[in-house]
Amino acid sequence: MASPIAHSFAGFWTFLVFAKQLQIRLAAQWRQYLPQLGVLVLLANLPDFDFPISLALLGNDSLHHEFTHSLAAGVLVALAVSCVWRIAPGFWRSAMICFSAYGSHLLIDLCSGRTLGWTNTGSGIPLLWPWPKKFSSPLILLPGVRHTRTLGAIFSMDNAWLSIYELLTCGAITVIIFVLWKRKLKSQTLEKRKLKSRPSRPTSEGPAHLLAEPQHQNRPTSEVPEHLLSELEHHK
């Protein structure tokens, strides 16, 4: 499994998607959306809560990577959270955002294993629980935390180096996201300025034939063709 560092970054990335959907200006409004950020980061780490629970109840990690690492658990948690608190306007939108944060954990664990590269060394997760088959990606992008059946084994030097690797990798991805986001906002601002700077044409201006039509339509009805006047004089 990956460490809480990678999963917390995934929760933050989900928050950025959430902010983009609602067109939130994070530079000016980030403080009022801290609760939403906290909930999404918590949801991104929630599946691994089965590890300390398993250690506390059974003294081992036999419950780890079981039901909590399934799509069914993600759906149930997303619906439950949206019933208690709408993280975004609308129940289903809120549920989708919560599921995205929870599902990011499953996606990262699918791509975590013992050796980086196309090595197929992942431990696998029961993605389609209750079907017992465990799924894992053959492409390993994160080495994952190495742990045994004790909590103290997590705080080893190997895991410290793995955590630094996750911090640097996910931090670089976050910087790239912010750079691209800033460029997009800058281009949108320039487009708006160009539209405002364009001179607006007066509404009275228009093609000559369109302006002439009302004059033709408003011709007085008193005007009578000359041949009709000559006929009337002849009858008299």
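The values are calculated or read from the model by the stated rules, or taken from the named source; none is laboratory data. Quick caveat: nothing in here was measured; it's all calculated off a predicted structure. Backbone-built Cβ (ideal geometry, glycine too); neighbour counts: all protein chains shown.
Can you confirm whether region 5-18 contains a residue that is at positive phi and not hydrophobic (A, V, I, L, M, F, W, C)?
No; the residues of region 5-18 include none that is at positive phi and not hydrophobic (A, V, I, L, M, F, W, C).
As an exercise: evaluate LYS182 against (1) assigned to a helix (DSSP H, G or I); (2) modelled with pLDDT under 80 and give the number of the one condition it does not meet.
Looking at each condition in turn, LYS182 falls short on (2).
So ILE87 passes all but one of these: (1) hydrophobic (A, V, I, L, M, F, W, C); (2) surrounded by fewer than 19 Cβ atoms within 10 Å (Cβ to Cβ); (3) assigned to a loop (DSSP other than H, G, I, E, B). Which condition number does it fail?
In the conditions (1) hydrophobic (A, V, I, L, M, F, W, C); (2) surrounded by fewer than 19 Cβ atoms within 10 Å (Cβ to Cβ); (3) assigned to a loop (DSSP other than H, G, I, E, B), ILE87 misses (2) alone.
Mind listing whichever residues of region 53-77 are out of contact with any Gly (no Cβ under 6 Å at 6 or more places or on another chain), assigned to a helix (DSSP H, G or I), more than 14 Å from TRP131 (Cβ to Cβ) and of a type in the set (Gly, Ala, Ser)?
SER54, ALA56
Can you report the number of residues in region 43-58 which are over 17 Å from HIS105 (Cβ atoms) and either in contact (Cβ under 8 Å) with a residue 12 or more places away in the chain or touching a helix residue (DSSP H, G or I) at 6+ places or on another chain (Cβ under 6 Å) (or both)?
1
Out of the residues in region 148-159 meeting the condition of being of a type in the set (A, V, I, L, M, F, W, C) and exposed (fewer than 11 other Cβ atoms within 10 Å of the Cβ), tell me which one is modelled with the highest pLDDT.
The selected residue is MET157.
Go through (1) surrounded by fewer than 20 Cβ atoms within 10 Å (Cβ to Cβ); (2) of a type outside the set (Gly, Ala, Ser); (3) at pLDDT 90 or above; (4) under 25 Å from ASP158 (Cβ atoms) and name the single condition THR68 misses.
Answer for THR68: the failing condition is (1).
For region 99-107, check the following and say yes or no: at least one residue is farther than 19 Å from PHE9 by Cα and at pLDDT 90 or above.
No.
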